[in-house]
Amino acid sequence: MLKKQITRGSFGVYAAVALAAGLICNNASAGSFQGGPTHEANSEGALPDIRSPRWEYKAGGPIISSATESDGVIFFGSDDRKMRALDADSGTEKWVFATGGKIRSTPAVEQGLVVFISYDGIIYALDEKSGKERWRFQTAGERHFEAKGIHGSKPATQTVPDFWDCYQSSASVVDGIAYIGSGDGCMYALNLADGDLAWKFQTGDVVHTSPAVADGIVYFGSWDTYLYALDAKSGAEIWRFKTGDDLEKHNRTGIQSSPTVCEGTVYFGCRDFNFYALDAKSGEEKWKSNLTWVNATPAIWDGKVYYGTSIPSWFIGKDGATGEDVMKLNMPMMVFGSANIVNGVAYFGSFQGSLFAVDLKEGKIIAEFRSPNALDNNGRLFKEDGSWNLSSIFRNDDFDEVYHSVNVLFESGALLASPLIHNGNLYIGSADGSLFAF
């Protein structure tokens, strides 16, 4: 049963205006991460009304995996180690498939198969209708990025996994090949039909970004600080681009944001505090913007690029060609999840458990849904404005205490997944284990 929720905005008025505008957008696919292999994440159609969920489904663990859709069925993974298929209209279970590890990979649904990687180190392909395993591919193993004294945690000599390495790679399927990364540092190209290895490419560290594929080139980032461009057929390296490094605290290092490709430019964020725009063919830098971590995958609309940031927390729009700011909206807490844009309205979640709808022309929030669990923590973990109460969450910098604090944030209803939008409906998972349908 749904508990109370916060909503705001004259949403019906904005919906009518946006639909009447007749904006020309990319038609996104609902069956893969961020709408398809280029990750542009924009579409035409009816605007979802996020003021009140139609249904809520409760999984047995956090939902960091973003949902995808095919033929009226919603697919998503959870930290309870299961991949699920639900009826899109009712939320009724179609099937559940158990793996040996948590699933933070967004499933790609293509040619009757559901493809994803689990923290058991296995890339799975399931039958879309039945959920039965069709094939599996064993990688060298999954893991989080790790370092000594990461982010300044104590003891400084202890090697620990990065508690902010929240995601796994999600597959992009192009011309019968599934491209997907792994914590073993490899980018894999697998034949979709049978899971046979076409090629693999080894990087210097964890690969948890989801590859973008455009014009025969595969683009992805690694925690080794490089953004790579590979030939899609052979896996041969075309170029690599070096981002910043932080050899002391390992805080400003690594690429967690998946790349987006549009009109000859590759856009991505980095934990070195920069957002980059590179020439897709040469890898040469076109422009960059320095502010803070960008873990979200950028979305494209009307020649502009949009993304959320960590601390300070913003939702930012930039001119795709020049990098000049077109919008900068202050947010109460970190925005790790990626935006999905419909007719000039961007939908995205944040760490305080809010799902926002932002009118990109006006640069303002037009609707907000706050998860019930997040509301229940107002005054304890969160202030009344939705920002976090740091003294209540992070009590000291011992690494085990920080891990506990991050888990508390998860359990309070943080929205790290990216919203799926299809036929005027929106689906998004929460780190407290709820999947909401609007």
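The values are calculated or read from the model by the stated rules, or taken from the named source; none is laboratory data. Treat the numbers as computed from the prediction; the structure is a model and nothing was measured. Heads up, the Cβs are rebuilt from the backbone with ideal geometry, glycines too, and the neighbour counts pull from every protein chain shown.
Side notes on the structure shown:
- Check on Ile150, in contact with a Leu (Cβ under 9 Å, 6 or more places away or on another chain) and either within 28 Å of Asn396 (Cβ to Cβ) or not hydroxyl-bearing (Ser, Thr, Tyr) (or both): no
- Among the candidates Asn407, Asn396, residue that is loosely packed, with under 14 Cβ neighbours inside 10 Å and part of a helix (DSSP H, G or I): Asn407
- Residue among Leu390, Leu416 that alone is among the hydrophobic types (A, V, I, L, M, F, W, C) and buried (at least 16 other Cβ atoms within 10 Å of the Cβ): Leu416
- Some residue of segment 177-190 being touching a residue at least 12 places away in the same chain (Cβ under 8 Å), at positive phi and surrounded by fewer than 23 Cβ atoms within 10 Å (Cβ to Cβ): yes
- Hits in segment 125-165 - residues which are crowded, with 16+ Cβ neighbours inside 10 Å and under 16 Å from Gly195 (Cβ atoms): Ala125, Leu126, Glu128, Arg134, Trp135, Phe137, Thr139
- Given (1) more than 14 Å from Val261 (Cα to Cα); (2) at pLDDT 95 or above; (3) assigned to a loop (DSSP other than H, G, I, E, B), index of the condition Lys281 fails: (1)
- Those residues of segment 156-181 which are touching a Leu at 6+ places or on another chain (Cβ under 7 Å) and of a type in the set (A, V, I, L, M), in sequence order: Val173, Ile177, Ala178
- Scope segment 221-232; condition touching a residue at least 24 places away in the same chain (Cβ under 8 Å) and not aromatic (Phe, Trp, Tyr); matching residues: Gly221, Ser222, Asp224, Thr225, Leu227, Ala229, Leu230, Ala232
- Subset tally (residues that are under 23 Å from the mean Cα position of the chain (by Cα), under 16 Å from Asp205 (Cα atoms) and not aliphatic (A, V, I, L, M)) for segment 149-162: 2
- Residue in segment 319-336 that is of a type in the set (Asp, Glu), surrounded by fewer than 21 Cβ atoms within 10 Å (Cβ to Cβ), at positive phi and at pLDDT 95 or above present: no
- Under the condition of being modelled with pLDDT under 75, out of contact with any strand residue (DSSP E or B) (no Cβ under 7 Å at 6 or more places or on another chain) and among the hydrophobic types (A, V, I, L, M, F, W, C), the residues counted in segment 360-417 number 1.
- Screening Asn251 with (1) touching a strand residue (DSSP E or B) at 6+ places or on another chain (Cβ under 9 Å); (2) in contact (Cβ under 8 Å) with a residue 40 or more places away in the chain; (3) within 19 Å of Met333 (Cα to Cα) gives one miss only, at (1).
- In summary, Val206 fulfils each of the numbered conditions (1) aliphatic (A, V, I, L, M); (2) closer than 27 Å to Gly337 by Cβ; (3) touching a strand residue (DSSP E or B) at 6+ places or on another chain (Cβ under 8 Å) with the single exception of condition (3).
- Enumeration of residues in segment 65-80 that are surrounded by 24 or more Cβ atoms within 10 Å (Cβ to Cβ), touching a Gly at 6+ places or on another chain (Cβ under 6 Å) and either at pLDDT below 95 or more than 14 Å from Gly433 (Cβ to Cβ) (or both): Thr68
- Residue within segment 418-436 that is in a strand (DSSP E or B), in contact with a strand residue (DSSP E or B) (Cβ under 6 Å, 6 or more places away or on another chain) and either among the polar types (S, T, N, Q) or within 18 Å of Ser310 (Cα to Cα) (or both) present: yes
- Selection of first residues in segment 192-220 that are crowded, with 17+ Cβ neighbours inside 10 Å and of second residues that are among the charged types (D, E, K, R) and in a loop (DSSP other than H, G, I, E, B), restricted to Cβ pairs under 6 Å at least 6 apart or on distinct chains, gives the following pairs, ordered by first then second residue: Thr203/Asp224; Asp205/Asp224.
- Number of positions in segment 253-276 that are touching a helix residue (DSSP H, G or I) at 6+ places or on another chain (Cβ under 9 Å) and assigned to a loop (DSSP other than H, G, I, E, B): 1
- Of the strands (runs of 3 or more DSSP E) contained entirely in segment 94-168, not one carries at least 3 residues that are over 30 Å from Met334 (Cβ atoms) and among the polar types (S, T, N, Q).
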